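J.: Take a look at the following structure, please.
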Amino acid sequence: MKLPLIFAMLFSSLTILGQEFHTEFNYDGSNSKDITIRNSYPKGGLKYTSPTGKEYVYAVFWTSITNNGDSGLELSIDFPVESFTIPSSPKTNFNLYLPYQEVHLEKEHMLNYGLDLKSFLDENIEKPPEVVKYISPNESYLFYVTVLSNQGVDGAVRAGFELQKQKLIYKINNHEIDSGQIKSKK
């Protein structure tokens, strides 16, 4: 039976300062630039109807990228504009979006982590999902990622960023999507 993006907590939660997240990656050294990446569990699994009447199912995640190094970082994220499928759900078309609304972790208990998803998607569903952000030393950048699909999937959806050298990879249920890079800026 196909379920609309149901998100069972299959893995134990990690908690820091009262905030739960799904994965944490620490990268040290010259290739990885002393970075910590944290990815949340999903929220949502509800339907979104576009202004043209097309129905989607969505999930909202947040990611925190922390610059633990001595020099600034330039984060650039460039998700594919075209829909894609993943091996675990070959009949489901996915799109990724980067809502510009600021993440407030105190809203973690709220639907969609407090994101006004409908307003964002109504205005941006046809626009390319990309961001360029400078992260100063000892600062973090928290942002939303929305996964939109044409139908639900079997089982849980897990997603988040990882770093391979300077290259950012976004994984959805272990399917890798090239998503940008992180470079040192002096």
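The values are calculated or read from the model by the stated rules, or taken from the named source; none is laboratory data. It should be emphasised that the depicted structure is a prediction, and the values quoted were computed from it without experimental measurement. Every residue, glycine among them, receives a Cβ derived from its backbone with ideal geometry; neighbour counts consider all protein chains shown. Areas reflect the complete protein model, heavy atoms only, side chains present, ligands, DNA and RNA absent. Shrake-Rupley method; radii C 1.70, N 1.55, O 1.52, S 1.80 Å.
J.: Of all residues in segment 37-79, which are open to solvent by 40 Å² or more (accessible area, probe 1.4 Å) and over 30 Å from residue 137 (Cβ atoms)?
T.: Selection gives 43, 46, 47, 49, 51, 52, 53, 54, 55.
J.: Can you work out which of the residues in segment 35-85 that are among the β-branched types (Val, Ile, Thr) and assigned to a loop (DSSP other than H, G, I, E, B) is modelled with the lowest pLDDT? Quick ask: steps written out before the conclusion?
T.: Let us first name the residues in segment 35-85 that are among the β-branched types (Val, Ile, Thr), namely 35-37, 49, 52, 57, 60, 63, 65-66, 77, 81, 85.
Then keep just the ones that are assigned to a loop (DSSP other than H, G, I, E, B); that gives 52, 81.
On the way: 52: 93, 81: 88.
Of everything passing the filter in segment 35-85, 81 is modelled with the lowest pLDDT.
J.: I'm told residue 84 meets every condition in (1) closer than 30 Å to residue 183 by Cβ; (2) within 13 Å of the chain's Cα centre (by Cα) except one. Can you identify the failing condition by its number?
T.: Evaluating residue 84 over (1) closer than 30 Å to residue 183 by Cβ; (2) within 13 Å of the chain's Cα centre (by Cα) leaves (2) as the failure.
J.: Another question, if that's okay. Tell me, which residue of segment 96-149 that is among the hydroxyl-bearing types (Ser, Thr, Tyr) and closer than 17 Å to residue 36 by Cα is nearest to the chain's Cα centre (by Cα)? It would help to see each step written out before you state the result.
T.: Of all residues in segment 96-149, those among the hydroxyl-bearing types (Ser, Thr, Tyr) come to 97, 100, 113, 119, 134, 136, 140-141, 144, 146, 149.
Cutting the leftovers down to closer than 17 Å to residue 36 by Cα gives us 134, 136, 140-141, 144.
On the way: 134: 18, 136: 21, 140: 15, 141: 12, 144: 6 Å.
Across segment 96-149, the extreme among qualifying residues is 144.
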